[in-house]
Amino acid sequence: MFPEILWAVPPAAAAVPLSAAAWHHWSPNTWSYGPGLVGSALRVYLTWEHVSQGCGLSHTRRQTKVKGGVRRVTVEKKPKLRRFRPTPFGFRVRARLHDGQTPDDYKDALTRLAHAWRVDSVRLRTSGPGWVELAASRRDPLGTVTEAAPLGEGWDLLKVRMGTLETGDPWVIDFRAVPHWLIMGATQSGKSTDLNALVYQLAPQPVALAGLDLKGGVELTPYTKRMSKLATTRSECMGLLDDVMVMLTDRMSQCREAGVRNIWQLPEVTRPTPVVIVVDEVAELYLMTDKAEKDEIARTSTLLLRNAQLGRAFGIHLVIAGQRVGSDLGPGVTALRAQITGRICHRVNDGETAKMALGDLAPDSLSAAMQIPAEMPGVAVTVGADGRWYRVRSDLTTEEMAEDASQEYAHMAPDWDDLVAGNANSTAPAPGDLDWELLEKEMS
């Protein structure tokens, strides 16, 4: 009987690799927690001694050997690996630092580690006293585009899901943590998708939206139903920013009288409505076609800068978008950029533009920003609340999706005059309707 079943051996031998290839192709996430995990662990641990030496991570030390006579020899000691864990896109592992090593030593070796481990990329995820954690991805999570989805229940105020990080985690913007954002990129690089995502996900939230669009309003006009104010000329922009300064002054007085430092420490019933101001193509605010515009440009620049300096504590948030934000537009642009800690840099046309966006916060990210291919719109490099830089890709949020959200939630747009007067969703209820026990609890 045994010789009779030998015919099944070749098909079975061929079925194993074919089944493994199909599994890896159709369900890479489950593969990462099964055979992929075993293979990666074996490759990392069995080759770690040679890999660490080749990457310059081993520690050279003198050691006494007795075999063949007592003598002192030089040996290479590899770093110890701990906590090997799978992820949907690869694995994570911790490495113990040798005496005298810093996380920067591993940061310089990330590309070499990726080639040695046969993975797409390796990133320095976290670090602490005496250790670092390395995150390896077998495939690029940014290779596919995800369609944007509405915010789920329980989503925090002023949080926006923009897309996916290169680690596979959601890319979320939190205006409470990082109040102002600068979005830079060439035409067709993904800036409009970012603005669509902001409108699409802020529309159902109890916030006010305003816009400055000197390109004739063609970019932000589709969202006017959800916006409380849209300025499309230089004089209108200056008037809108004047109104915002009135809001800031009023909110400062309100916080000072209540003895608090920001509006988030005020009771909810008296808390002013947060305002998100979107500026499209900021360079248009600074370009001068006539000397008569010089005073208007100077005033507009000053107002934008003051809003960026003072707005965080009082619920005023800026989103500045443009193809280029440099000193060639004027000293006010450089000062404004210095006040904006949130940066998003899409594909750019020259290295200087990438340096303007990321050079002062994450100079080691410039090479990644310059390598964004034109056939991958929406891919960007961002610096956020944790101070680290990541490659990201925006979810696909079309103009139609943002426009539909603007129409659906048009009733949530506060009246601009009421906002300026401090009456939009910020006036306390009448004394007979006020829950004094709740108010006292909140104040305490």
Next item on the list: Tally the residues that are in contact with a strand residue (DSSP E or B) (Cβ under 7 Å, 6 or more places away or on another chain) and at pLDDT below 85, restricting the search to the range 42-67.
Entry: 7
Next item on the list: Considering (1) over 22 Å from R161 (Cβ atoms); (2) open to solvent by less than 20 Å² (accessible area, probe 1.4 Å); (3) within 16 Å of the chain's Cα centre (by Cα), say which one S394 fails and leave the rest.
Entry: (1)
Notebook entry, point to check: Does E147 satisfy being touching a Pro at 6+ places or on another chain (Cβ under 7 Å), under 17 Å from D395 (Cβ atoms) and acidic (D, E)?
Noted result: no
Item checked: Odd one out for V207, checked against (1) under 26 Å from M370 (Cβ atoms); (2) crowded, with 20+ Cβ neighbours inside 10 Å; (3) among the β-branched types (V, I, T) -> (1)
Note to self: Can you report the number of residues in the range 278-312 which are open to solvent by less than 40 Å² (accessible area, probe 1.4 Å) and within 21 Å of the chain's Cα centre (by Cα)?
What the structure shows: 7
Item checked: Count - residues of the range 221-230 that are in contact with a strand residue (DSSP E or B) (Cβ under 8 Å, 6 or more places away or on another chain) and either part of a strand (DSSP E or B) or surrounded by fewer than 22 Cβ atoms within 10 Å (Cβ to Cβ) (or both) -> 6
Check: All but one of (1) free of Cβ contacts under 8 Å to residues at least 60 places away in the same chain; (2) out of contact with any helix residue (DSSP H, G or I) (no Cβ under 8 Å at 6 or more places or on another chain) hold for L124; which doesn't?
Finding: (2)
Item checked: Selection within the range 127-136 - crowded, with 20+ Cβ neighbours inside 10 Å and in contact with a helix residue (DSSP H, G or I) (Cβ under 9 Å, 6 or more places away or on another chain) -> V132, L134, A136
Note to self: I need the full set of residues from the range 181-192 which are surrounded by 24 or more Cβ atoms within 10 Å (Cβ to Cβ) and outside any loop (DSSP other than H, G, I, E, B), in order please.
What the structure shows: W181, L182, I183, M184, K191
Item checked: From the options V145, V93, residue that is touching a strand residue (DSSP E or B) at 6+ places or on another chain (Cβ under 9 Å) and over 30 Å from N196 (Cβ atoms) -> V93
Check: Conditions: (1) modelled with pLDDT of 90 or more; (2) open to solvent by 20 Å² or more (accessible area, probe 1.4 Å); (3) of a type in the set (G, A, S). S235 meets all but one. Number of the miss?
Finding: (1)
Margin query: Within the range 68-88, take every residue that is surrounded by 14 or more Cβ atoms within 10 Å (Cβ to Cβ) and outside any strand (DSSP E or B) and give me the one that is modelled with the highest pLDDT.
Written below: P79
Check: Quick one: what pairs do we get from the range 399-419, first residue under 19 Å from I277 (Cβ atoms), second part of a loop (DSSP other than H, G, I, E, B) and of a type in the set (A, V, I, L, M), C-beta under 8 Å, 6+ apart or different chains?
Finding: A402/A203; A405/A203; S406/A203; Y409/A203; M412/A203; P414/A424; D415/A424; D418/A424
Check: closer than 17 Å to W389 by Cβ, touching a residue at least 24 places away in the same chain (Cβ under 8 Å) and of a type in the set (G, A, S) - does that describe any residue in the range 138-158?
Finding: no
Next item on the list: Could you list all residues from the range 104-125 that are over 18 Å from E166 (Cβ atoms) and assigned to a helix (DSSP H, G or I)?
Entry: D104, D105, R112, A116
Next item on the list: Out of V172, V178, V218, report the one residue that is part of a loop (DSSP other than H, G, I, E, B) and open to solvent by 30 Å² or more (accessible area, probe 1.4 Å).
Entry: V218
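Can you tell me which residue among R118, R139 is out of contact with any Ser or Thr (no Cβ under 7 Å at 6 or more places or on another chain) and on the phi < 0 side of the Ramachandran plot?
Of the residues listed, the single one that is out of contact with any Ser or Thr (no Cβ under 7 Å at 6 or more places or on another chain) and on the phi < 0 side of the Ramachandran plot is R139.
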Next item on the list: Could you tell me whether any residue of the range 266-275 is at pLDDT 90 or above, closer than 23 Å to G185 by Cβ, surrounded by 19 or more Cβ atoms within 10 Å (Cβ to Cβ) and under 26 Å from the mean Cα position of the chain (by Cα)?
Entry: no
Note to self: I'd like to know if the range 248-260 contains one or more residues that are crowded, with 23+ Cβ neighbours inside 10 Å and at pLDDT 90 or above.
What the structure shows: yes
Next item on the list: Return yes or no: is V325 at pLDDT 85 or above, under 26 Å from the mean Cα position of the chain (by Cα) and crowded, with 22+ Cβ neighbours inside 10 Å?
Entry: no
Notebook entry, point to check: What number of residues within the range 360-384 satisfy the criterion of being open to solvent by 20 Å² or more (accessible area, probe 1.4 Å) and over 18 Å from K191 (Cβ atoms)?
Noted result: 7
Check: Do the conditions hold for Q201, that is, is it within 24 Å of the chain's Cα centre (by Cα) and part of a loop (DSSP other than H, G, I, E, B)?
Finding: no
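The values are calculated or read from the model by the stated rules, or taken from the named source; none is laboratory data. Bear in mind that the values here come from a model prediction, so they are computed numbers and not experimental data. All Cβ positions, even for glycine, are placed from backbone atoms using ideal geometry, and neighbour counts span all protein chains on display. Remember, those area values only see protein heavy atoms, side chains included, never the ligands or the DNA or RNA. Shrake-Rupley method; radii C 1.70, N 1.55, O 1.52, S 1.80 Å.
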